Amino acid sequence: MNPPGISALGRATVDASCTGAQSQRIALIDYAKGIGIFLVVFGHVLRGLTGTVLQENALTQALDQWIYAFHMPLFFFLSGYLAERSVSKPLGTVVSSKLRAIAYPYFLWSAIQETLRHLAGISDQPLSSLWRIVYSPILQFWFLYVLFAVSLVYLLLRKLKVPVAVCFAGFALLFASEFIDLSLGPWPVLYMIRLNAVYFALGAIASGVDWVGRLQKVQRSILLPSAFLGFSLIALAAIVNLTSLEAWLFPLAVLGIVASLSLAAYLEDLQRISFLQTWGLRSLEIFVAHTIFTAATRIVLQKGMNLNQPVIHIIVGTALGLGASLLLYRLSVQLRILCLFRLQPPPASSCSPKIS
């Protein structure tokens with residue numbers, strides 16, 4: 001039997017009953033990832049339109065600050081929540097898994113996207129400099145680079161028997177060093193790690209107390225108002241420009257994480273928006289591919305069809321950023337090009353790809 005709420009697209013690779021990792025998925029986390037990846041696509045569409053079709057104003061600035069206050073910390077938190085599952089596994093197995101699932105799509109899709117940008121004449125870097133992605137992530141792919149680094153550091157600390165609370169304290173101190181402008185040297189990645197590792201460790205802390213499990217027991221009548229209140233407070237902070245103040249970075253991000261998970265718990269209990277769970281299930285595929293489709297949509301609408309209405313651009317761009325990425329994933333499965341998004345381990349003999 002397939003898990004409730006997961007659409008045919010979400011089951012396209014392997015039947016859930018045949019895959020241990022699939023059967024261990026937490027539906028609420030997939031819903032939360034679905035919320036997060038929607039905000040990623042929506043935010044990139046807005047930023048791509050700003051200055052051309054969409055003129056920057058107080059509303060667009062507040063909306064941009066609202067999204068970026070918590071949507072990437074949410075992904076680090078969710079990754080950290082699941083990180084403890086890997087601690088008991090052999091180090092080589094976990095590193096191999098991270099290389100296949102994070103590092104591989106990082107290098108592949110950085111190269112694909114930058115090549116397409118070069119062919120379109122919108123890249124300011126020659127292709128001969130593409131090798132620099134080894135140490136200098138480009139565009140949205142910074143997230144995969146930093147996630148890979150933080151995951152390995154956390155895993156090594158836990159393998160050395162460092163308690164989760166101590167890991168969190170260390171990452172929190174690193175985050176606090178931002179407030180005193182402590183220099184970490186010339187490598188920009190270290191500053192990205194400083195601002196995001198704390199949310200990964202916070203997720204690990206939350207996992208230790210089964211916070212998601214506790215949230216699933218909260219009454220539906222409480223979840224939705226809680227999410228609305230959290231998002232509203234972040235919106236208010238964005239309007240009064242608190243999101244640009246370093247002292248508010250962490251509390252607003254945590255507020256957004258709690259609000260997102262509350263909304264995810266409500267929607268999971270509702271079981272009527274299964275497509276959101278599918279977005280979460282396929283969040284990696286959407287993340288690496290969506291900007292290609294949103295940029296193409298913007299060019300076709302603006303230059304090919306002479307359409308400059310912001311609402312049309314936002315709706316169509318967001319829809320195609322999500323939908324076309326999922327379609328590309330399904331096509332890769334049907335054509336058995338599974339290496340398009342990640343390197344898969346050899347499937348068990350009793351399980352064969354099942355296209356729904």
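The values are calculated or read from the model by the stated rules, or taken from the named source; none is laboratory data. Computed from a predicted structure; not experimentally measured. For accessibility, only protein heavy atoms count, side chains too; no ligands or nucleic acids. Shrake-Rupley method; radii C 1.70, N 1.55, O 1.52, S 1.80 Å.
Quick notes on this structure:
- Gain in span if fully extended, residue 156 to residue 311, counting 0.36 nm per residue against the direct Cα distance: 51.1 nm
- Rounded to whole numbers, the Karplus 3J(HN,Hα) couplings from phi for the stretch 115-127 are 5, 5, 5, 5, 5, 7, x, 10, 8, 9, 10, x, 4 Hz, using 6.51 cos²θ - 1.76 cosθ + 1.60 with θ = phi - 60°, and x at Gly and Pro.
- Distance histogram in 5 Å bins (all Cα pairs of the stretch 31-162, percent per bin): 2, 8, 15, 17, 17, 17, 12, 7, 4, 2, 0
- For the chain, the number of Lys pairs separated by eight or more positions or lying on different chains, with C-alpha atoms closer than 24 Å, is 8.
- Surface per residue (accessible, 1.4 Å probe) for the stretch 295-334, Å²: 53
- Principal axis dimensions, the stretch 122-225 - Cα atoms, whole angstrom, descending: 55, 35, 30
- Carbon/sulfur fraction of accessible area - the chain, other protein chains in place, 1.4 Å, %: 67
- Calculated log₁₀ intensity ratio I(q)/I(0) where the Debye formula runs over C-alpha points of the chain, q = 0.07, 0.12, 0.13 Å⁻¹: -0.30, -0.97, -1.17
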